[in-house]
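Everything on this sheet refers to the single structure shown next.
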Amino acid sequence: MAARKPKVIVTRKLPDAVETRMRELFDTELNLDDAPMSRAALIDAVGRCDVLSPTITDEIDAELIAAAQAGGRLKLIANFGAGVDHIDVAAASEAGIVVTNTPGVLTEDTADLTLALMMAVSRRIVEGANLAQAGDFKGWTPTWMMGRRITGKRLGIIGMGRIGQAVARRARAFGMSIHYHNRKPVSPRIAEELEATYWESLDQMLARMDIISVNCPHTPATYHLLSGRRLKLLQPHAILVNTARGEIIDESALAEGLAKGEIGGAGLDVFEFEPAINPKLLKLPNAVLLPHLGSATVEGRIDMGEKVIINIKTWMDGHRPPDRVLPAML
Ligand code: 8YV
């Protein structure tokens, strides 16, 4: 007799190809109308499945892990996404629940969007496009709508993991020099390839950069890493880009700095209280805001789904899932 298939509950609508494969492999419960699951629905779900596949829109905190423990069934949280700051990984680990994520497959897409935001802010692309589409292009002039050149500028990357390095590679092709702050320096081979300068002091790096890109994960150590005090260190022409997590920047202090002209511009794909955006940011001409599109490509989302499937399948077959997240890694 074939072994029982694990009960997998997927909290949001995933690409069709991913859902079809999941249905073939597992006893899968999908969320076809994509309505975010309520707290009560999540508590119910973790009590009656072997595997939960959540996304960033689900808060998997200690209380939910306790509810899962009470149900006695949940063994794996196979997150659809790389960031796991919405999951209490330590509580899961203590409860004997494995957590996996989907690293690697969204690196290039997120790096592309990071560069797009740098360009958009530096060259006033959104402002110009809105103006042209509103029929307000009244004729070219030598001094109208000037932005800032990208080539020759200093880029400071906060967090030199996979995505930070992919941003650095692209930025080099645009003629920027690469600087970075990280828990530790990258390997000499990578530093040489990227001609990257390591700054042990984040404060010192911030004060000297033209463009800053946030590419580190959100952990207790990086919450408000860019605090009001640190934002004040930026040069008045500096542009800040964030495609990581909103919580890493004090959003209210950023909005204030942008409004006062103490910071040149910002390109933000993520927000501190997502999906809410600080109202002060909404009207600023020097801020380009996107609705968390970093990994939003057809290819990327299918690749993410495939990673989720591999993690579940490996676990189901009694092996160690390839993308296991351990509390010590955060
Ligand atoms: C995902 C992301 O779309 O993977 C991540 O960490 O930030 C996003 O690009 C989202 O988290 C899916 O859960």
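Laid out as a table, the results:
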| read-out | value |
| --- | --- |
| Count, lysine Cα pairs under 22 Å in the stretch 107-289, 8 or more residues apart or across chains | 6 |
| Residues 12, 124, sorted so that the one with the fewest Cβ neighbours within 10 Å comes first | 12, 124 |
| Reachable aspartates and glutamates from residue 307, criterion Cα separation under 13 angstrom, eight or more residues apart if same chain | 19, 299, 323 |
| Choice from 252, 122, 187 with maximal GNM fluctuation in the chain (Cα, 10 Å cutoff) | 187 |
| Partners for residue 7 among lysines (Cα-Cα distance below 17 Å; same-chain residues under 8 apart left out) | 75, 313 |
| Cα-based radius of gyration of the chain once divided by 2.2 N^0.38 Å, which approximates compact folds | 1.08 |
| Theoretical ellipticity at 222 nm over the chain - DSSP helices of four or more residues, -39500 (n - 2.57) apiece, nearest 500 | -10500 deg cm²/dmol |
| Residue order, fewest to most beta carbons within 10 Å, for 216, 49 | 216, 49 |
| Estimated inter-spin distance, residue 133 and residue 195, nm [label 7 Å along Cα→Cβ] | 3.7 |
| Along each principal axis, Cα extent of the stretch 58-98, largest first, Å | 27, 16, 16 |
| Debye equation applied to the C-alpha atoms of the stretch 107-289, log10 I(q)/I(0) at 0.19 Å⁻¹ | -1.31 |
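A short reminder: the numbers here are calculations on the coordinates, not readings from a lab. Treat the numbers as computed from the prediction; the structure is a model and nothing was measured. Using ideal geometry, Cβ is built from the backbone for each residue, glycine included, and neighbour counts are taken over all protein chains shown.
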